[in-house]
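Peer 1: Structure below; questions to follow.
Where a number appears in this text, it was derived from the coordinates with a stated rule and is not lab data. Remember, it's a predicted structure, so these values are computed and weren't measured experimentally. Glycine also receives a Cβ, built like all others from the backbone with ideal geometry; neighbour counts cover every protein chain displayed.
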């Protein structure tokens, strides 16, 4: 993070919050906590539903599930931002990666093809498949109704979700 003068704000590495969205709907949220910097094999994971309900220890077989990873302080805001961003992209699925920092949620990336291990308990995998099917239909219906078949940005009104003193409100926030 940085301020308007470009100075780094420092701080601890935040948990990685990965919101699996299906054209405006949340399938689940992955909370990923490193135990050693740069060592994926030592990551701990927690999967929760859109309402923050824990999805249990067997949701992703073979992963180091840690139910003690707390929900981010801005969990509801993060899922709202993720729903909004996923609606701006005319795809059935997009993963919205966010960091909950001391300055509020910060976008990491949008990805349509998450890498790594994506294996889930059979019933949850079926649920994600149905969410994808339903989202694909909603995208197609919206396009038929006049939604542009491209990402919405620029002229589409959107509020800046960052606090007023965040550098994104600066006259020249940079790249």
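Peer 1: Starting from the Cα-Cα distance between residue 132 and residue 112, subtract it from 0.36 nm times their residue separation and give me the gain in nm to one decimal.
Peer 2: The span from residue 132 to residue 112 would gain 6.0 nm if fully extended.
Peer 1: I would also like to ask the following. Which order do peptides 69-81, 19-31 fall in by mean Cβ count within 10 Å, highest first?
Peer 2: Top to bottom by mean Cβ count within 10 Å: 19-31, 69-81.
Peer 1: Given R₀ = 22 Å, FRET efficiency for residue 80-residue 54 by Cβ-Cβ distance, to 0.05?
Peer 2: With a Förster radius of 22 Å, E is 0.65.
Peer 1: Could you calculate the FRET efficiency of residue 37 with residue 169 from 1/(1 + (r/R0)^6), where r is the beta carbon distance between them and R0 is 41 Å, rounded to 0.05?
Peer 2: So, using R0 = 41 Å, E works out to roughly 0.85.
Peer 1: Output the relative contact order of segment 16-154, whole-number percent, from Cα pairs under 8 angstrom with separation of 6+ residues.
Peer 2: Worked out over segment 16-154, it gives 26 percent.
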